[in-house]
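K.L.:
Could you have a look at this structure, given as structure tokens, before my questions?
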Amino acid sequence: MGVQKTMPRHGVTLEHGSFTARETVHSCTAGCRQDGAPVTRRSAALALRLPPKTTIGYDVMVFAGIARFVDYRQREEIRARLERDHGIALSSGEISELNRRFLVYLEALHQDRAGALREALAKEGGWPLHIDATGEDGQGTLLVAYAGWRGWALGAWKIPTERADAILPKLRAVAARFGAPCAVMRDLGKAVIEAARDFVGGLERPIPILACHLHFVKDIGKDLLCASHDDLRGLFRRFKVLPRLRALARDLGRGLGTDIDEARREVADWLQRAEEPWLVPKGTAGLAVVRALSQWVLDYPNDGTDAGFPFDRPYLDLYRRCHRACRAAESLLRNPHTDLRTQQALKRLRRHLEPLRSELPFQAPARILETRARLFDEIRDAVRIQVKPSSNQRTGLDAPQQAVELRDVKKAVEDLQTSLQERRPERGPAQDTRQAIDLVLRHLDRHGPSLWGHVIALPPAAGGGIRLVERTNNRLESFFHAIKHGERRRSGRKVLSQDFQQLPAAAVLARNLTKPDYVTILCGALDNLPRAFAQLDALTRSMPLPARLRAAAPTGDDAEIVSSSLPRPDRNLVRTAAMQERVLAEARRRAPRRAAHSN
């Protein structure tokens, strides 16, 4: 090798700051060529620090990428921190470009380490595949394949919408790269059910397909309760019960004025009295009592558990409070009153709540909702679903104990199914009860086989024994929640439609960098991530960065499935003025007249 040339090389790294190096390039003196290009050798020290054809180092790129996709920092925050802590001045556009390159390198490294990741999953006895998709307002649909026991995202893709033909190729690609899973955990979406069925059908040996117990219970609850709960909500809005109660509480509060603190103390004293019957106090204290009654009704969300519908039925809770407050107001009005203002306020409260006392329209849907809610609670108790873990919930159970608990749940569900079949009225006026029981039984028949099979026998190489797949898809749901929480923190926006449209699918893989076991396999430690990226470039340094980015782009195998949901690039294309003009021009063009038929 002889010296071909010596040239300056500018660079910016966290290690050295901004610098200029003099790089000596050696070439083969015999004129040897490889792939049509002369055989050359460049500085190994610079190759570990600077990507080909760029001046910003690997460590700066890793710093910006982790700050953006792991810590969810804004561009200006990243730029300011680089300048303050390292003396590196970059523009916001350069930060965005570094973030894009970081995901390209991270995805390539993830694929390069697929063999080591596969071995780690196999040593554990396999891995359950959790699959689900998320988005925001129907946009930016993001499909994720997740290794449940390890908590790793193995693959992520942007798909136009949840369709089986869009999901199935992704599942097959994950299995080809990381090995076949030992089970599949899915929700109850039609597309995911079809994709999981076809995926398992193509495997060498069958594996269980499991339905998320939380989605199962929630799906039954929505079908059972949604119609009557919506009817009750519509009635409250039609009769303007809540606005009128708020107006009453507001008017009484204004009437109390500066005496409101004293009035609160008098209400607290009144609540402590043991007198029978209760008498409403006079003056401002009486007005404060009526105000407290109306506020008690308005505080109906406190009866819920913050678990959401159908586990909470807020308008049923409101109906119950209104009914009790109406009876309480009538009881207080039957006692003698000497304060006219307090009596008028009580009558106003009763008048706002009086419509709930009638059979129609309020009591009929409320009675149906009450009956169906009791049936739903039976199902929830049998499946033992805790939307949010309680303080007395058992944790830390080993696999045999979990298996025993799972058998208890299965028996409880089977017993409930038998009980419902026996309790189902064959004829008579109990039509709604019959329809509700039939609905539950249909769900059990349709999804029953996929509710069980969580016990996985581990191979001898993994130590033998058993291990259980989780009964819900909550781990993946929590994974999505963490991503959305971080994006909201970064953007300051509650609705993430635009953010999810722009977010690359590879950003999901960055969440794996919070898992120490994944990082150990990927690069040993996060400090070694720049060196791992440099080693990826070691064999392709002659290829310019734009060409490598194009090489890392999705191939024809990952082409988007056509659907009614337009991908952003297609939407931008069809909304151009040129497209509108061309369609109008062609529509105005007259079709040539047909030639007359000759005899």
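K.L.:
Average the reciprocal distances over every distinct pair of alpha-carbons in segment 31-140, invert the result, and give the Kirkwood radius in Å.
P.N.:
For segment 31-140, inverting the mean 1/r across all distinct Cα pairs yields 17.6 Å.
K.L.:
Cα extents of the chain along the three principal axes, largest first, in whole Å?
P.N.:
Taking the Cα atoms of the chain, the three principal extents are 115, 90, 63 Å.
K.L.:
Report, to one decimal in Å, the Kirkwood hydrodynamic radius for segment 124-169 based on all distinct Cα pairs.
P.N.:
One over the average 1/r among Cα pairs gives 11.4 Å for segment 124-169.
K.L.:
Now, a different point. Using 0.36 nm per residue of separation minus the Cα-Cα distance, give me the extension gain between C32 and K494 in nm, one decimal.
P.N.:
Contour length minus the Cα-Cα distance gives 160.3 nm.
K.L.:
Sticking with this structure for a sec: Taking every pair of alpha-carbon atoms in segment 449-498, what share in percent sits in each 5 Å bin, from 0 to the bin with the longest distance?
P.N.:
That works out to 5, 16, 15, 12, 11, 11, 9, 9, 8, 4, 0, in percent per bin.
K.L.:
With charges set only on the Cβ (+1 for Lys and Arg, -1 for Asp and Glu), what does the dipole of the chain come to about its Cα centre, in debye to the nearest 20?
P.N.:
Its charge dipole is roughly 1740 debye.
K.L.:
Suppose R0 equals 41 Å. What FRET efficiency, 1/(1 + (r/R0)^6) with r the Cβ-Cβ distance, do D445 and A399 give to the nearest 0.05?
P.N.:
The calculated FRET efficiency here is 0.85.
K.L.:
Quick check for you: with a 1.4 Å probe and neighbouring chains kept, what is the accessible area per residue of segment 102-192, in Å²?
P.N.:
That works out to 31 Å² per residue.
K.L.:
Based on the Cα atoms of segment 414-457, what semi-axes does the equivalent ellipsoid have, where each is the square root of 5 times one gyration tensor eigenvalue, given in whole Å with the largest first?
P.N.:
28, 10, 5
K.L.:
Report the Cα centroid-to-centroid distance between segment 224-240 and segment 476-491 in angstrom, as an integer.
P.N.:
Distance between centres, Cα-based: 32 Å.
K.L.:
How compact and how long is segment 312-377, expressed as Rg and Dmax of its alpha-carbon atoms in Å?
P.N.:
Answer for segment 312-377, Rg first and Dmax second: 14.7, 48 Å.
K.L.:
Arrange the peptides 373-379, 19-25 so that the one whose residues have, on average, the most other Cβ atoms within 10 Å appears first.
P.N.:
373-379, 19-25
K.L.:
Under 24 Å Cα-Cα from K347, which lysines qualify once same-chain neighbours fewer than 8 residues away are excluded?
P.N.:
Of all the lysines, those that pass the test against K347 - Cα under 24 Å, at least 8 places apart if same chain - are K240, K282.
K.L.:
Roughly what percent of Cα-Cα pairs across segment 91-188 reach past 20 Å?
P.N.:
Across segment 91-188, Cα pairs with separations above 20 Å total 45 percent.
K.L.:
Past the 24 angstrom mark, what percentage of all C-alpha to C-alpha distances in segment 255-396 do you count?
P.N.:
Value for segment 255-396 (Cα pairs over 24 Å): 47 percent.
K.L.:
On a 22 Å Cα-Cα criterion, which of the cross-link pairs K123/K190; K170/K190; K190/K218; K53/K158 come out too long?
P.N.:
K123/K190; K53/K158
K.L.:
State the extension gain, in nm to one decimal, for the chain segment bounded by L584 and E378, taking 0.36 nm per residue of separation less the distance between their alpha-carbons.
P.N.:
Here the segment from L584 to E378 would lengthen by 68.1 nm.
The values are calculated or read from the model by the stated rules, or taken from the named source; none is laboratory data. Note that the coordinates shown come from a computational prediction; the quantities given were computed from them, not determined experimentally. Heads up, the Cβs are rebuilt from the backbone with ideal geometry, glycines too, and the neighbour counts pull from every protein chain shown. Just so you know, the surface numbers come from the protein's heavy atoms only, side chains and all, with ligands and any DNA or RNA stripped out. Shrake-Rupley method; radii C 1.70, N 1.55, O 1.52, S 1.80 Å.
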